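Report on the following structure.
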Amino acid sequence: MAILQKHGKNSSPDLVCLKEKTTDKTGVAGGHQKKPLARVWTVVLLLGTCLLYCARVAMPICAVSMAEKFNWTKRDQGMVLGSFFWGYCFTQVLGGYVSDRVGGEKVLLLSAAAWGAMTAFTPVLAHFCSQPIFSMTLARFLMGLLQGVHYPSLASLCSQKVVESERGFLMSTVGSGSYLGTLVIGGAGSLMLDLYGWESVFYVSGMLSVLWAYCISELPLSRSLFASLSLSLSLSFSLALSVCLFVPGPIITLESLGSGGPQSKLSRRHWLRLFKQPAVCAVIITHLCTASTFFTLLSWLPTYFKDTFPDAKGWVFNVIPWFVSIPSSLFSGCLSDHLISKGYDTAAVRKLMQFFSMGVSSVFTLLLCGTTTFPLAVAFVSVTMGLTTFSHSGVSVNVQDLAPSCAGALFGVMNTCGAFSGVLMVYFSGYLIEATGSWASVFALITVVNLVGLVTFLAFAEARRVDIDSSKEDLRLLFLFL
């Protein structure tokens, strides 16, 4: 992965593109030296995203067993599953803003320590609380708070340190970790669920996440602080939150990606001008639709298969769709970067990827509305989830095209909207299932939301920078070449 020289603390964000171009031409040797390390950290971030989803999907995997144990209705399930996204809403913008200022790598690893410990602590809350529905709703809300910073931090990291022609592959590779994580927890989690009970799923996924964050910390001081953080989280969430807020100095360094982070210095006036851009609004709306439909499928698919095909093996429908999604995500990233490197318009490539993600996938979602067999249902869901991954090379990376100087914060805004709509759709889907007794209404709703997002993106999406004044940029370019 091509790593670019960062602009200094006193540099204007408006100069990012100029410095990217300069570094790309003059810093070839340095770039080649950093590529092996960059690839290593790409794998590390892929693994981190994988574990993120192992912890996130633990609840949907165990929801049926927990509902039987604690006598939950479908509405209760919807409330527990949807509460994650309430917490997910609140830390998106904050996570992106902090990542733009101090570096996304620090935010990523500290948050991983927190949500990993919270996942391992979840069964304790369920058993020792007199009202499990309340404790699980609270636990999922806290999980949402802690995991909400992950993707804005990734967007900030990628926008500042990866060239445009390689962002699609990076985001699709790291993004495929979500499907790898769902695949792993779907297969191994289903076996652990049958053999050792639902508690084991939370214990294993949580402790592996904590172990990942611990192994990435590089300095002895970092390790001691990290150990203190993990212990505090296990004893008390509030105490751990205080530790995260008041630990002095930099905790984690990723030397292969450069030390320190870029600073976002856009004023309120610039932000207002940014949100008046049709392309920015289109990205937000499209991501809202993409995220809400994905979260709905992620939350309810295990229950759909259990209800519709009660004799089916959990490891089959919890594994195959996500197994298909991994190569699909990688293929979409390679395809988009290849098309851009061949001279195709970046905006056209982003739109093409999003058409496959939201348009073609909706056809197979609609096919689930009819009466079908178990193999066909698994096939339709697999194709749907595989095509959905194309959004990693569409709307997800388009925010970095539009506003690289504040991509983390802007992605946080997008994910906040997506998480909020995810809350509503996950809960409303549970209401529809209980009211109509049919899953067809849920799949029809997903299709309609997808089409709304697709039409918006095709009509208004662009790939030019909108976070800078074009007249000022023209003057800088003229000055540079003179």
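The values are calculated or read from the model by the stated rules, or taken from the named source; none is laboratory data. A quick note: this is a predicted structure, and the numbers were derived from the prediction, not measured. Positions of Cβ are backbone-derived with ideal geometry, glycine not excepted, and every protein chain shown enters the neighbour counts. Keep in mind that these areas ignore ligands, DNA and RNA; they rest on the heavy atoms of the full protein, side chains included. Shrake-Rupley method; radii C 1.70, N 1.55, O 1.52, S 1.80 Å.
Can you say whether Ala463 is surrounded by fewer than 24 Cβ atoms within 10 Å (Cβ to Cβ) and either within 23 Å of Cys158 (Cα to Cα) or over 20 Å from the mean Cα position of the chain (by Cα) (or both), as far as the supplied structure shows?
So Ala463 passes the test.
How many residues are within 30 Å of Val64 (Cα to Cα), open to solvent by 30 Å² or more (accessible area, probe 1.4 Å) and modelled with pLDDT of 85 or more when one looks only at the range 310-341?
5
With the requirement that a residue be in a helix (DSSP H, G or I), among the polar types (S, T, N, Q) and within 23 Å of the chain's Cα centre (by Cα), what does the range 271-329 give you?
Thr286, Thr290, Ser292, Thr293, Thr296, Ser299, Thr303, Ser325, Ser328, Ser329
Hey, Val149 hits all of (1) under 13 Å from the mean Cα position of the chain (by Cα); (2) over 30 Å from Leu352 (Cβ atoms); (3) surrounded by fewer than 24 Cβ atoms within 10 Å (Cβ to Cβ) but one; which does it fall short on?
(3)
Output the residues belonging to the range 418-439 that are of a type in the set (Gly, Ala, Ser) and part of a helix (DSSP H, G or I).
Gly418, Ala419, Ser421, Gly422, Ser429, Gly430, Ala435 - these are the residues of the range 418-439 that are of a type in the set (Gly, Ala, Ser) and part of a helix (DSSP H, G or I).
This table checks each residue for (1) of a type in the set (Ser, Thr, Tyr); (2) farther than 26 Å from Gly177 by Cα; (3) open to solvent by less than 10 Å² (accessible area, probe 1.4 Å).
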| residue | (1), (2), (3) |
| --- | --- |
| Asn398 | no, no, yes |
| Phe420 | no, no, no |
| Glu434 | no, yes, no |
| Val449 | no, no, no |
| Ala459 | no, yes, no |
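Anything in the range 400-414 that is open to solvent by less than 10 Å² (accessible area, probe 1.4 Å) and of a type outside the set (Gly, Ala, Ser)? List them, or say none.
Across the range 400-414, the qualifying residues are Gln400, Asp401, Leu402, Pro404, Cys406, Leu410, Phe411, Met414.
Tell me the helices (runs of 4 or more DSSP H) entirely within the range 346-417 that contain at least 2 residues that are at pLDDT 90 or above, more than 24 Å from Gly144 (Cβ to Cβ) and among the polar types (S, T, N, Q).
By residue number, 346-354, 361-367, 374-388.
For the range 375-396: of the residues being under 27 Å from Gln77 (Cα atoms) and among the hydrophobic types (A, V, I, L, M, F, W, C), which is surrounded by the most Cβ atoms within 10 Å (Cβ to Cβ)?
Once the filter is applied, the top-ranked residue is Met385.
Here are Val107, Val93: which of them is touching a residue at least 12 places away in the same chain (Cβ under 8 Å), surrounded by fewer than 24 Cβ atoms within 10 Å (Cβ to Cβ) and over 20 Å from Leu298 (Cβ atoms)?
Going through Val107, Val93 in turn, the sole match is Val93.
If Ala155 satisfies every condition in (1) touching a Phe, Trp or Tyr at 6+ places or on another chain (Cβ under 8 Å); (2) closer than 16 Å to Trp300 by Cα but one, which is the exception?
Answer for Ala155: the failing condition is (2).
What residue, of Ser159, Ser176, Ser190, is among the hydroxyl-bearing types (Ser, Thr, Tyr), in contact (Cβ under 8 Å) with a residue 24 or more places away in the chain, crowded, with 24+ Cβ neighbours inside 10 Å and farther than 19 Å from Phe295 by Cβ?
Going through Ser159, Ser176, Ser190 in turn, the sole match is Ser159.
Quick check on my filter: what residues within the range 64-90 are open to solvent by 30 Å² or more (accessible area, probe 1.4 Å), among the polar types (S, T, N, Q) and part of a helix (DSSP H, G or I)?
Across the range 64-90, the qualifying residue is only Ser65.
With respect to Val184, is the statement that it is open to solvent by 40 Å² or more (accessible area, probe 1.4 Å), part of a helix (DSSP H, G or I), modelled with pLDDT of 90 or more and under 21 Å from Leu45 (Cα atoms) true?
Considered against the rule, which asks whether it is open to solvent by 40 Å² or more (accessible area, probe 1.4 Å), part of a helix (DSSP H, G or I), modelled with pLDDT of 90 or more and under 21 Å from Leu45 (Cα atoms), Val184 comes out as no.
Suppose the filter is touching a Leu at 6+ places or on another chain (Cβ under 7 Å) and either in a helix (DSSP H, G or I) or within 30 Å of Ala403 (Cβ to Cβ) (or both); does Glu105 pass it?
Yes; evaluated as a whole, the condition is true for this residue.
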